[in-house]
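Written out below as structure tokens is the structure these notes cover.
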Amino acid sequence: MNRDNRPKLLNRLRRIEGQVRGVARMIEEDRYCIDVLTQLQAVRVALSRVETEMLKDHLDHCIESAIVRGDQAEQRKKASELIELLERGTR
């Protein structure tokens, strides 16, 4: 993981955590369903952005490193890990 990216990602996750607490509060307060669903969509989009950043980071550092080193076994391993991750996301 790119250490420069870590504070930004942690900050985003903390904001998402606050959003989730807000959604729980909305449910406790019996807020209008569409308002709650709107906030749930916002949380999902925010998590998706964090996931995208992590994926970019993995490609830019972990996979690129294996390619630059010319380590074919490591390249295959990293590619397999990525394929497995993407397959899990479609189940």
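Nothing in this text is a laboratory measurement; each read-out follows from the coordinates by a stated rule. Computed from a predicted structure; not experimentally measured.
For region 24-74, what is Rg from Cα atoms divided by 2.2 N^0.38 Å, rounded to two decimals? Intermediate values should be presented prior to the final figure.
Numbers: Rg = 19.4 Å, N = 51, 2.2 N^0.38 = 9.8 Å.
Cα-based Rg divided by the globular estimate yields 1.98.
So what does the Cα-only Debye profile of the chain read at q = 0.18, 0.25 Å⁻¹, as log10 I(q)/I(0), no solvent term?
Per q value, in the given order, log10 I(q)/I(0) is -0.88, -1.17.
Hey, what angle do you get for helix 72-89 against the long axis of the chain, alpha-carbon based, 0 to 90 degrees rounded to 10?
The two axes meet at around 20 degrees.
Using only Cα atoms, tell me the angle between helix 6-28 and the longest principal axis of the chain; keep it within 0 to 90° and round to the nearest 10.
Taking the Cα atoms of the chain, the angle to 6-28 is about 30 degrees.
Let me have the 222 nm mean residue ellipticity of the chain computed from DSSP H runs of 4+ only, each contributing -39500 (n - 2.57), with the sum over all residues rounded to the nearest 500. List each step's numbers first, then the result.
On the way: 4 runs with 72 residues, N = 91.
That calculation yields -27000 deg cm²/dmol at 222 nm.
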